[in-house]
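Chemist: Attaching a single structure in structure tokens format; questions to follow.
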Amino acid sequence: MTFQIKKHRWLYISLSIFSLCLAVTITPAKASMQVLPTSTMNVSASTQPNNWLEQARNLYRSGRFAQAVTIWQTAAQQYHTQGDRLNEALSLSYLSLAQQELNQWEAASQSIEQSVKLLQTITPPADAILWAQILNTRGNLQLHTGKAEIALESWQQAEKYYELAGDKMGSLGSQINQAQALQSLGFYRRSKQQLEALTQKLAAMPDSEIKVSGLRSLGLALQMIGDPGKSQQVLEQSLAIARKLETTPELSSILLNLGKTAIDLQDPEAALNYFEQAQQVATNPGDGLQACLGRFKLFLDYERPELATPIAPQLLQQLRELPASHTSLYAAINFVATLNRQSNPDQIVPLKDLAQLMAVTVKSAQQIEDAQAEAYALHQWGKLYRRTQQLSQAQQLTQKSLNIARQLQAEDIIAQSAWQVGQLYKQQSDRPQAITAYTEAVKALKSLRSDLVAVNPDIQFSFRESVEPVYRELVGLLLDQQPSQADLMEARDLIEALQVAELDNFFREACLDRAQQIDQVDPNATVVYPIILPDRLAVILSTTGQPLRYYVTQKSQNEIEQTLEKLLVGFNPVSDAKERDRLSEQVYDWLIRPAQVDGAFKDSKTLIFVLDGKLRNIPIAALYDGKQYLIEKYAIALSPGMQLISARSLLKNRIDAIVGGISLSRNGFSALPAVESEVKQISKAVPSSMLLNQQFTSQALAERVKFSRADVVHLATHGQFSSRLEDTFLLTWDGQVNVKELSELLKNRSGNSSKAIELLVLSACDTAAGDDRAVLGLAGLAVKSGARSTIATLWPVKDKAAEMLMTRFYEQLRQPKITKAEALRQAQINLIRQTDFYDPFFWSAFVLVGNWL
């Protein structure tokens with residue numbers, strides 16, 4: 001059976017060990033590996049609390065965290081009364097683990113700190129294994145609460161104690177956790193090296209259950225940090241050994257993880273195969289259910305409802321029969337959430353059955369005191385009522401969900417439920433209440449940014465379905481009727497915030513905000529904010545010292561996007577030039593002409609575009625007014641949001657460059673013969689050090705960046721931008737460097753660490769084929785590299801044209817009082833008016849992102 005891949009609709013399945021979670025209904029991910037010990041330390045004469053510890057551990061494993069908390073609290077009090085500090089410390093450590101599962105971060109912190117204090121007072125010192133377990137729990141909490149540096153220290157200490165205790169599995173787990181903490185701190189290459197060293201260490205071990213578990217944990221960690229290819233390799237090794245040893249309990253969970261990795265790699269057939277195998281070998285009902293849910297979701301996400309429908313009744317039956325636990329609640333919520341995303345779910349399962357399932361789930365969540373699951377279930381239940389237009393019931397349930405989420409301070413649920421409340425008010429034409437609810441949702445989404453480690457990766461991956469629309473719909477509400485200046489300012493700030501949110505989502509972590517108001521950057525610039533709404537194209541203009549201006553074109557999103565797609569095709573030199581000019585003028589009329597007629601640009605030398613959606617793929621410089629291209633009138637720059645721009649202009653008389661590139665065929669990429677000439681010409685034009693072909697390794701580049709005073713880095717080599725982080729890379733002689741590694745490399749400057757790269761030039765890059773959001777990778781690299789400005793290409797340009805344009809750009813850049821945007825403009829005009837490369841295909845692909853001064 002084959003799947004037709006629907007680009008960009010795929011939602012990644014959660015990495016949570018407990019559930020196969022969906023975008024809208026999520027449990028916090030295990031960002032680190034937890035080792036729950038299987039036996040109690042027999043140091044107490046009284047057996048009763050020991051029995052409690054065992055009972056609570058069983059409840060914890062079955063996902064009944066609230067009950068486990070109650071028992072561990074009682075056990076800790078009992079041990080305290082008996083003066084048994086060792087077991088009191090152990091109970092408090094377990095208690096912290098369960099409190100973390102319930103998102104009770106403050107209580108979890110108090111429990112673990114109390115546990116550590118107790119251990120410090122014990123003489124003779126407590127066993128190494130106890131110290132190791134407690135420090136591991138502490139590291140887990142620290143990473144979840146955004147303290148990655150301290151978490152790293154805790155896990156380093158835990159590793160030493162595990163080694164002392166001879167616990168290989170614990171030691172491996174601590175090392176995997178350290179790699180994740182390094183990722184959170186931005187040390188991507190160190191993290192990668194640590195995981196590679198662990199892979200080799202595990203490979204050298206004899207086959208055993210410990211090796212199977214270690215490889216599985218390593219595979220999960222690689223998946224979590226965005227390396228699904230490596231994750232798949234490691235999980236496959238784990239699977240092969242598990243089969244050989246016949247360790248059946250591990251088999252189904254490894255196969256489930258492989259299914260999720262195959263989804264990350266956009267290989268639905270492999271994912272389906274893994275889920276089917278997992279279902280066959282599952283020895284517990286939980287894994288069998290997860291595998292069945294995985295298949296069900298896979299069919300629906302790839303628009304094969306005819307394959308999902310036959311397994312729905314079986315799933316519904318299983319969900320009804322499972323005893324109430326964290327796992328069974330989330331399985332039910334996720335089943336309904338998957339169906340709630342369909343346009344006609346009642347063709348698969350009757351809506352009344354789904355509503356009944358959510359009613360039972362809410363009751364069960366109350367019974368086992370899982371308030372988070374209750375809030376999620378109420379949200380999905382409200383969604384079902386909204387479908388049937390029973391708006392008052394929908395409002396009541398969603399409001400309940402929101403109230404619980406506020407009490408829990410669960411921002412991910414607040415974001416979803418406040419959004420739904422806003423949609424319900426909007427349906428009832430209550431604009432002020434709708435705006436209030438949407439604003440609460442956006443505020444919750446923003447507060448999630450700084451705590452992304454604690455959030456299931458699904459929240460980030462489901463950006464297009466559960467984050468982006470919240471911003472867009474609120475912008476639409478603010479721009480309805482005649483927007484006031486306050487409305488326009490709020491809408492502009494939201495467009496900015498949406499750009500930031502997209503980049504956070506791309507990197508799976510919060511990007512740095514370097515807030516700088518446009519008004520303080522350049523008085524001769526106008527910032528253009530277009531936003532594509534379902535029924536119109538809205539354009540907001542911001543110019544220093546003037547009120548914001550607003551223009552609107554009433555066109556459907558579909559018509560706008562079709563025009564943009566045709567225009568993009570039109571830039572191919574074999575296309576009809578007249579048709580391209582007609583389409584280009586059409587887009588010019590939407591974006592530029594109304595403001596031009598209004599005199600909005602009369603004092604502007606530079607136009608800065610904060611582009612939205614499919615407009616990002618269009619070379620704005622080539623928009624045509626019927627006589628001239630836009631670049632012939634204004635210098636042009638792109639910005640991924642003004643708050644990400646750091647302002648400081650290049651000192652023209654002190655340009656110092658690192659120029660690198662590959663002209664030969666390498667690693668399956670074709671030769672770029674003109675690169676050698678480009679690199680040599682630029683090295684003549686500006687003082688520079690050169691790395692060509694074999695010299696251009698990632699290590700050599702890292703060293704030049706670190707130890708030189710260069711403020712320009714020019715790289716003429718193959719590269720690709722994509723909306724997927726793992727598909728965005730640059731080619732060096734020794735292989736591909738991904739965007740996170742490149743950004744770390746460019747920021748690593750010895751001596752004066754604040755000296756950022758002023759200009760990064762990538763003159764031979766391409767955007768991923770068939771990816772209408774590929775330019776996000778370019779914006780992401782521009783922001784993440786720390787370079788103040790980036791020049792790159794939207795598509796590969798004939799290397800001779802690239803050489804001519806770049807050589808002229810550097811000649812211009814050395815002129816006094818010229819901005820980077822103006823230097824690029826003059827180089828582009830030179831190609832238009834004085835060479836054979838006058839067609840926009842050759843010069844308009846070059847875009848300047850970031851600081852234009």
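Chemist: In region 612-636, what residues are assigned to a loop (DSSP other than H, G, I, E, B) and closer than 21 Å to Asp581 by Cβ?
Modeler: Ile618, Pro619, Leu623, Asp625, Gly626, Lys627, Gln628, Lys633, Tyr634
Chemist: Oh, and also: Quick check on this structure: which one of Asp727, Asp734 is surrounded by fewer than 18 Cβ atoms within 10 Å (Cβ to Cβ) and modelled with pLDDT of 90 or more?
Modeler: Asp734
Chemist: Can you name every residue in region 584-611 that is part of a helix (DSSP H, G or I) and either in contact with a Cys (Cβ under 8 Å, 6 or more places away or on another chain) or open to solvent by 10 Å² or more (accessible area, probe 1.4 Å) (or both)?
Modeler: Let us first name the residues in region 584-611 that are part of a helix (DSSP H, G or I), namely 584-591, 593-597.
Result: Glu585, Gln586, Asp589, Trp590, Arg593, Pro594, Gln596, Val597.
Chemist: Here's a follow-up. Filter region 805-824 down to residues that are closer than 17 Å to Asp711 by Cβ and among the charged types (D, E, K, R) and give me whichever is surrounded by the most Cβ atoms within 10 Å (Cβ to Cβ).
Modeler: The residue in question is Lys820.
Chemist: Scan the strands (runs of 3 or more DSSP E) fully inside region 753-853 and keep the ones with 1 or more residues being closer than 26 Å to Leu742 by Cα and charged (D, E, K, R).
Modeler: Fully inside region 753-853 and qualifying: 765-767.
Chemist: A follow-up question, please. Can you say whether Ser542 is open to solvent by less than 10 Å² (accessible area, probe 1.4 Å) and in a helix (DSSP H, G or I), as far as the supplied structure shows? Walk me through it before giving the result.
Modeler: Values: open to solvent by less than 10 Å² (accessible area, probe 1.4 Å): yes; in a helix (DSSP H, G or I): no.
The answer is no for Ser542.
Chemist: List, please: which pairs have Cβ atoms under 6 Å, are six or more places apart or on different chains, and start with a residue in region 559-587 that is farther than 19 Å from Phe837 by Cα and free of Cβ contacts under 8 Å to residues at least 24 places away in the same chain and end with one that is open to solvent by less than 20 Å² (accessible area, probe 1.4 Å) and part of a loop (DSSP other than H, G, I, E, B)?
Modeler: Within 6 Å, no pair qualifies.
Chemist: Does Leu568 qualify as being closer than 26 Å to Leu474 by Cβ and not in a loop (DSSP other than H, G, I, E, B)?
Modeler: no
Chemist: Criterion first (in contact (Cβ under 8 Å) with a residue 24 or more places away in the chain, within 19 Å of Val686 (Cβ to Cβ) and buried (at least 24 other Cβ atoms within 10 Å of the Cβ)) does Ala802 satisfy it? Write out each step before concluding.
Modeler: Numbers: in contact (Cβ under 8 Å) with a residue 24 or more places away in the chain: yes; within 19 Å of Val686 (Cβ to Cβ): yes; buried (at least 24 other Cβ atoms within 10 Å of the Cβ): yes.
The answer is yes for Ala802.
Chemist: Can you tell me which residue within region 478-493, out of those that are free of Cβ contacts under 8 Å to residues at least 60 places away in the same chain and buried (at least 21 other Cβ atoms within 10 Å of the Cβ), is nearest to Val528 (Cα to Cα)?
Modeler: As a first pass, look at region 478-493 and keep what is free of Cβ contacts under 8 Å to residues at least 60 places away in the same chain: 478, 480-482, 484, 486-487, 489-493.
Imposing the further condition that a residue be buried (at least 21 other Cβ atoms within 10 Å of the Cβ) reduces the set to 478, 491-492.
Working: Leu478: 18, Ala491: 13, Arg492: 10 Å.
For region 478-493, the residue satisfying everything is Arg492.
Chemist: Also, I was wondering about something else. Got a number for residues in region 321-336 being touching a residue at least 40 places away in the same chain (Cβ under 8 Å) and assigned to a helix (DSSP H, G or I)?
Modeler: Within region 321-336, residues that are touching a residue at least 40 places away in the same chain (Cβ under 8 Å) and assigned to a helix (DSSP H, G or I) number 11.
Let's see how each residue does on (1) at pLDDT below 90; (2) closer than 25 Å to Ser62 by Cα; (3) out of contact with any Asp or Glu (no Cβ under 7 Å at 6 or more places or on another chain); (4) of a type outside the set (A, V, I, L, M):
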site	(1), (2), (3), (4)
Gln280	no, yes, yes, yes
Gly286	yes, yes, yes, yes
Leu289	no, yes, yes, no
Arg304	no, no, yes, yes
Ala308	no, no, yes, no
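Chemist: Follow-up. Determine which member of the set Gln223, Gln232 is modelled with pLDDT of 90 or more, in contact with a helix residue (DSSP H, G or I) (Cβ under 7 Å, 6 or more places away or on another chain) and more than 28 Å from Asn344 (Cα to Cα).
Modeler: Gln232
Chemist: Somewhere in region 269-278, is a residue under 24 Å from the mean Cα position of the chain (by Cα) and either at pLDDT below 95 or not basic (Lys, Arg) (or both)?
Modeler: The answer is yes; a qualifying residue exists.
Chemist: Are any residues in region 811-844 of a type in the set (Gly, Ala, Ser) and touching a Pro at 6+ places or on another chain (Cβ under 6 Å), and if so, which ones? Show your work before the answer.
Modeler: First, the residues of region 811-844 that are of a type in the set (Gly, Ala, Ser): 821, 823, 827, 844.
Hit for region 811-844 is Ser844, nothing else.
Chemist: Given region 657-734, what strands (runs of 3 or more DSSP E) lie entirely inside it while holding 3 or more residues that are touching an Asp or Glu at 6+ places or on another chain (Cβ under 9 Å)?
Modeler: By residue number, 657-661, 688-692, 712-716, 719-721.
Chemist: Six or more apart or on different chains, Cβ atoms under 6 Å: show the pairs whose first residue is in region 91-108 and under 16 Å from Gln372 (Cβ atoms) and open to solvent by 10 Å² or more (accessible area, probe 1.4 Å) and whose second is of a type outside the set (Lys, Arg) and part of a loop (DSSP other than H, G, I, E, B).
Modeler: If the second residue must be of a type outside the set (Lys, Arg) and part of a loop (DSSP other than H, G, I, E, B), the pairs left are Trp105/Thr145.
Chemist: Enumerate the pairs (first residue in region 149-163 and without any contact (Cβ under 8 Å) to a residue 60 or more places away in the chain; second residue anywhere and crowded, with 16+ Cβ neighbours inside 10 Å and aromatic (Phe, Trp, Tyr)) with beta-carbon separation below 7 Å, excluding pairs fewer than 6 apart on the same chain, so at least 6 apart or on different chains.
Modeler: If the second residue must be crowded, with 16+ Cβ neighbours inside 10 Å and aromatic (Phe, Trp, Tyr), the pairs left are Tyr161/Trp131.
Chemist: Give, as residue ranges, the helices (runs of 4 or more DSSP H) completely inside region 222-319 that count at least 2 residues that are within 20 Å of Asp727 (Cβ to Cβ). Spell out how you get there, then give the answer.
Modeler: On the way: elements: 228-245, 248-264, 268-281, 285-301, 305-308.
Here the list reads 228-245, 248-264, 268-281.
Chemist: Hey, can you tell me all the residues within region 121-139 that are farther than 13 Å from Ala179 by Cα, touching a residue at least 60 places away in the same chain (Cβ under 8 Å) and open to solvent by less than 10 Å² (accessible area, probe 1.4 Å)?
Modeler: Of everything in region 121-139, those that are farther than 13 Å from Ala179 by Cα, touching a residue at least 60 places away in the same chain (Cβ under 8 Å) and open to solvent by less than 10 Å² (accessible area, probe 1.4 Å) turn out to be Leu130, Asn136, Thr137.
Chemist: Can you pull out the residues in region 305-347 that are buried (at least 16 other Cβ atoms within 10 Å of the Cβ) and among the charged types (D, E, K, R)?
Modeler: Arg341
Chemist: What number of residues within region 765-788 satisfy the criterion of being in contact with a Phe, Trp or Tyr (Cβ under 7 Å, 6 or more places away or on another chain) and either open to solvent by 10 Å² or more (accessible area, probe 1.4 Å) or among the small types (Gly, Ala, Ser) (or both)?
Modeler: Of the residues in region 765-788, 9 are in contact with a Phe, Trp or Tyr (Cβ under 7 Å, 6 or more places away or on another chain) and either open to solvent by 10 Å² or more (accessible area, probe 1.4 Å) or among the small types (Gly, Ala, Ser) (or both).
Chemist: Can you confirm whether region 160-170 contains a residue that is at pLDDT 90 or above, open to solvent by less than 40 Å² (accessible area, probe 1.4 Å) and more than 22 Å from Glu101 (Cα to Cα)?
Modeler: yes
The values are calculated or read from the model by the stated rules, or taken from the named source; none is laboratory data. No experiment lies behind these values; they were computed from the predicted model shown. Every residue, glycine as well, gets a Cβ built from its backbone with ideal geometry; the counts of neighbours run over all protein chains shown. These accessible areas exclude ligands, DNA and RNA; they are computed on the full protein's heavy atoms, side chains included. Shrake-Rupley method; radii C 1.70, N 1.55, O 1.52, S 1.80 Å.
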